[in-house]
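In what follows, a structure is listed as structure tokens, so that the remarks can point back to it.
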Amino acid sequence: MHEPGYLRLLETGELADRVEKLYALLRACTVCPRDCGNDRLAGVLASCASGENPIVSSFTPHFGEEPSLSGTRGAGNIFFGNCNLRCVYCQNYQISQDYPTQKTNEVSVERLAEMMLSLQERGCHNIGFVSPTHFAPQMARAVLLAARGGLRVPIVYNTNAYDSVEVLRLLEGIVDIYLPDFKYADAGAGSLYSKVPDYPARARAALVEMFRQKGSRLEMDDEGLLKSGLLVRVLVLPNGAAGVAESLSWIAETLSPNVAISLMAQYYPIHRAASNEKYAALGRSITDGEWAQALAALESNGLSNGYQQELDTANRYYRPDFRHPETPFRDIRDFQ
């Protein structure tokens, strides 16, 4: 039986030490690559508009993740509010870029730990933190408290990959499953569509660190549920905006062709991409030809592990509505 890494760290006292080191980064914030330098422990806000307390917009069993995460009882997803990116096509824009509203969803770390235990009690196979980067210290402290209270399921770090390598090193053993979304191969695309100047360099450095920790092996239980490992999501954008072929080539050459890839077809124009002419290249869903090119890039790079969404249905499924935080997902996604 797989034991989550945080339980071993709890026993040795290392988990508490890591939490303190992570919290120290909040004093002059370097929790993400933006390195804002503001004192979040004193309530000084900067780029992510987030202070000391975490912001939780929704926590719920989710059945639309990859099959090895959702299983039969759902992934126990906790959706953090706010974000360190400004993606113009963010499907979670209601909670990622509406900072005044999200302030009302602020909770204590103790309450966050209670949410984790509640999801475990409801039968969820794991605890999946969605957009955790800017709340990594608070996440780690909640894991500490929940572990003391009986948490025993894997921790999933579902990130946009714009992560600090220093923070990822401190999360080693706390996080069981890394689930990064590798967004762009080109810095210009990252600047235009997500409002950061150095996305590829930062994301690649983060992926190298995740790979160092987890390698390419996915640890599964007898029911086919993922217990530990690295699964890289790659969303195909229209007009080649994501540079999918280049990103897949980089993964195969720099990390390993055995790294598991979740190739995603769910893109549809929403938020600013749906209405602003500046982002006209993202103003439609992907075509059959664009999806075929992405699949061909998987094959040519020998990336045979992982999942692929069904093109015909994917962009109709993943359309959350966080005005209903207890049930933001009305549909599921299809993976092969």
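The values are calculated or read from the model by the stated rules, or taken from the named source; none is laboratory data. Note that this is a predicted model, so its numbers are computed, not measured. We place every Cβ from the backbone using ideal geometry, glycine too, and count neighbours over all the protein chains shown. The area values use the complete protein model at the heavy-atom level, side chains included, leaving out ligands, DNA and RNA. Shrake-Rupley method; radii C 1.70, N 1.55, O 1.52, S 1.80 Å.
Any residue in the stretch 101-112 that is out of contact with any strand residue (DSSP E or B) (no Cβ under 9 Å at 6 or more places or on another chain) and either in contact (Cβ under 8 Å) with a residue 60 or more places away in the chain or of a type in the set (A, V, I, L, M) (or both)?
The answer is yes, given that some residue of the stretch 101-112 is out of contact with any strand residue (DSSP E or B) (no Cβ under 9 Å at 6 or more places or on another chain) and either in contact (Cβ under 8 Å) with a residue 60 or more places away in the chain or of a type in the set (A, V, I, L, M) (or both).
Could you check Ala245 against (1) at pLDDT 95 or above; (2) open to solvent by 50 Å² or more (accessible area, probe 1.4 Å); (3) closer than 22 Å to Ser96 by Cα and say which number it fails?
(3)
A quick yes/no check of all residues on (1) under 26 Å from Ser96 (Cα atoms); (2) surrounded by 14 or more Cβ atoms within 10 Å (Cβ to Cβ); (3) at pLDDT below 95:
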{"site": "Ser275", "(1), (2), (3)": "yes, no, yes"}
{"site": "Lys278", "(1), (2), (3)": "yes, no, no"}
{"site": "Leu282", "(1), (2), (3)": "yes, yes, no"}
{"site": "Asp288", "(1), (2), (3)": "no, no, no"}
{"site": "Gln293", "(1), (2), (3)": "no, yes, no"}
{"site": "Ala296", "(1), (2), (3)": "no, no, no"}
{"site": "Gly302", "(1), (2), (3)": "no, no, no"}
{"site": "Thr313", "(1), (2), (3)": "yes, yes, yes"}
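Could you tell me which residue of the stretch 175-212 is nearest to Ala274 (Cα to Cα), considering only residues that are open to solvent by 50 Å² or more (accessible area, probe 1.4 Å) and not in a helix (DSSP H, G or I)?
Once the filter is applied, the top-ranked residue is Lys195.
Quick one: which residue in Pro269, Pro257 is closer than 23 Å to Gln97 by Cα, within 24 Å of the chain's Cα centre (by Cα) and in a loop (DSSP other than H, G, I, E, B)?
Details: Pro257 fails: closer than 23 Å to Gln97 by Cα.
None of the other options fit; the residue is Pro269.
Answer yes or no: is there a residue in the stretch 224-232 that is closer than 20 Å to Ala189 by Cβ and either modelled with pLDDT under 95 or not in a loop (DSSP other than H, G, I, E, B) (or both).
First, the residues of the stretch 224-232 that are closer than 20 Å to Ala189 by Cβ: 232.
Cutting the leftovers down to either modelled with pLDDT under 95 or not in a loop (DSSP other than H, G, I, E, B) (or both) gives us 232.
Looking through the stretch 224-232, at least one residue is closer than 20 Å to Ala189 by Cβ and either modelled with pLDDT under 95 or not in a loop (DSSP other than H, G, I, E, B) (or both).
Which residue, of Tyr93, Tyr89, Tyr99, is open to solvent by less than 20 Å² (accessible area, probe 1.4 Å) and aromatic (Phe, Trp, Tyr)?
Numbers: Tyr93 fails: open to solvent by less than 20 Å² (accessible area, probe 1.4 Å); Tyr99 fails: open to solvent by less than 20 Å² (accessible area, probe 1.4 Å).
Exactly one of Tyr93, Tyr89, Tyr99 is open to solvent by less than 20 Å² (accessible area, probe 1.4 Å) and aromatic (Phe, Trp, Tyr), namely Tyr89.
In the stretch 25-65, how many are on the phi > 0 side of the Ramachandran plot and charged (D, E, K, R)?
Number of matching residues: 1.
What residue, among those in the stretch 15-34 that are part of a helix (DSSP H, G or I) and open to solvent by less than 60 Å² (accessible area, probe 1.4 Å), is nearest to Glu219 (Cα to Cα)?
Looking at residues that are part of a helix (DSSP H, G or I) and open to solvent by less than 60 Å² (accessible area, probe 1.4 Å), I get Leu15.
Mind counting the residues in the stretch 276-292 that are in a loop (DSSP other than H, G, I, E, B) and of a type in the set (A, V, I, L, M)?
The first filter runs over the stretch 276-292 and keeps only residues in a loop (DSSP other than H, G, I, E, B), leaving 276, 283-287.
In the following step, the residues that additionally are of a type in the set (A, V, I, L, M) were identified as 286.
Residues flagged as in a loop (DSSP other than H, G, I, E, B) and of a type in the set (A, V, I, L, M) within the stretch 276-292 amount to 1.
List pairs: first in the stretch 55-72 and more than 15 Å from Thr104 (Cβ to Cβ), second small (Gly, Ala, Ser) and open to solvent by less than 10 Å² (accessible area, probe 1.4 Å), Cβ under 6 Å, 6+ apart or cross-chain?
So the pair list comes out as Pro61/Gly74; His62/Gly74; His62/Ala75; Phe63/Ser70; Phe63/Gly74; Glu65/Ala75; Glu66/Ser262; Leu69/Ala75.
Among the numbered conditions (1) in a helix (DSSP H, G or I); (2) modelled with pLDDT of 95 or more; (3) surrounded by 15 or more Cβ atoms within 10 Å (Cβ to Cβ); (4) of a type in the set (S, T, N, Q), tell me where Asn239 comes up short.
(3)
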